[in-house]
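The structure under discussion appears below in the form of structure tokens.
The values are calculated or read from the model by the stated rules, or taken from the named source; none is laboratory data. Only a predicted model underlies this, so the values are computations on that prediction, with no experimental measurement involved. Cβ placement follows ideal geometry from the backbone for every residue including glycine, while neighbour counts extend to all protein chains displayed.
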Amino acid sequence: MGLELLGEIPDGVTVEVAPAPDRLPSDPAGVRFWVPPFLAQPAAVPVAAKLPDLRVVQLLSAGADAWAGRLPEQVTLCDARGVHDSSTAEWVVTAILSYLRSFPFFARAQVRHEWSYDQVNPTDELAGKRVLVVGAGSIGAAARARLAPFEVELTMVARTARPAERVYGVDDLPALLPETDVVVLLVPLTEATRGLVDAGFLAAMRDGALLVNAARGPVVDTDALVAELTTGRIAAALDVTEPEPLPAGHPLWDLPNVLLTPHVAGSVRGLLPRGYRLAGEQLRRFVAGTPLVNEVVDGY
């Protein structure tokens, strides 16, 4: 990591870089602000308990599910809300367009050197589709902004309805799903969202609908998803799965109505500059005694 990405370091602050979360460069006493690696594994969480003076953990990920509720009481947890908005929203639009315009099919045809033009059975299109975005946070807002120019009918869903903002609540999903062509998942993983997309959710989706998961794998019941996809009634574009990484023999690999990417929605070249810029801003706030942003409360 280039320390210049953090910006100005406040006087009296020493920045150390650990080669790994469990390989600290010096005595852990005195460490008050910790930025774990991007997508640090859950095994990194217990390291916080070895830092007796720790007061802030600033994540580089938008999701905090591996950390929430597992840190010492005196430690404030902050996520990287805002850092991944553009990249994840870009992935959502790319995945939808790629699947609807049959890019996976054409990529396979290219490998076979086949000019697979079919005038009788053209590809689908995004224009005119009814798109439901489940998750109205900053990434959801970014996805909405990028989808709007594609002439879609867009509906947003949050934990609770916000009628003044024309945002529906999760309780409205049973009525919304049968009328939706594309369902985009952008919710954080919490106890409330774990398994949100179950057999009932999937059964309520209309024939030919596309499920797009850029949230977390456990938001979807994998067995129920495989069962529904196997019928061919719906399709899925997945950046995240449960389990993850997806085992080589898992049925999701071979289903023709599935587009898979290996959890790359947020992994772009601009990630670290944006992430460490946020970390530097948070560090300066902490040293100045001003309120931190993106504080995680109750898993959000």
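So Ala49 clears everything in (1) under 23 Å from Gly135 (Cβ atoms); (2) touching a Pro at 6+ places or on another chain (Cβ under 7 Å); (3) modelled with pLDDT under 95 except one condition, right? Which one? (1) is the only condition that Ala49 fails.
So, Leu5, is that one closer than 28 Å to Ser138 by Cβ, of a type outside the set (Gly, Ala, Ser) and either part of a strand (DSSP E or B) or modelled with pLDDT of 95 or more (or both) or not? Against the criterion (closer than 28 Å to Ser138 by Cβ, of a type outside the set (Gly, Ala, Ser) and either part of a strand (DSSP E or B) or modelled with pLDDT of 95 or more (or both)), Leu5 does not qualify.
Could we say that Ala109 is assigned to a helix (DSSP H, G or I) and either surrounded by 13 or more Cβ atoms within 10 Å (Cβ to Cβ) or not assigned by TED's automatic domain parsing to the domain that holds Val220 (or both) here? Yes; evaluated as a whole, the condition is true for this residue.
For the range 190-227, the candidate set comprises residues that are of a type outside the set (A, V, I, L, M) and not in a loop (DSSP other than H, G, I, E, B); within that set, the residue that is farthest from the chain's Cα centre (by Cα) is Gly200. Just one of (1) in contact (Cβ under 8 Å) with a residue 24 or more places away in the chain; (2) over 24 Å from Glu90 (Cβ atoms); (3) in contact with a Gly (Cβ under 6 Å, 6 or more places away or on another chain) fails for Arg194. It is (3).
Which members of the range 55-73 meet the condition of being in a loop (DSSP other than H, G, I, E, B) and under 19 Å from Val293 (Cβ atoms)? Result: Arg55, Leu59, Leu60, Ser61, Ala62, Gly63, Ala64, Trp67, Ala68, Leu71.
Here Tyr168 fulfils each of the conditions (1) within 26 Å of Val293 (Cβ to Cβ); (2) not in a loop (DSSP other than H, G, I, E, B) apart from (1).
The number of residues in the range 159-209 that are of a type outside the set (Val, Ile, Thr) and farther than 21 Å from Glu228 by Cα comes to 15. Only one entry in Arg269, Arg277, Arg285 is over 16 Å from Ser61 (Cβ atoms), out of contact with any strand residue (DSSP E or B) (no Cβ under 6 Å at 6 or more places or on another chain) and either assigned to a helix (DSSP H, G or I) or small (Gly, Ala, Ser) (or both), namely Arg285. The set of residues from the range 19-30 being surrounded by 11 or more Cβ atoms within 10 Å (Cβ to Cβ) and touching a helix residue (DSSP H, G or I) at 6+ places or on another chain (Cβ under 9 Å) comprises Pro21, Asp22, Leu24, Pro28.
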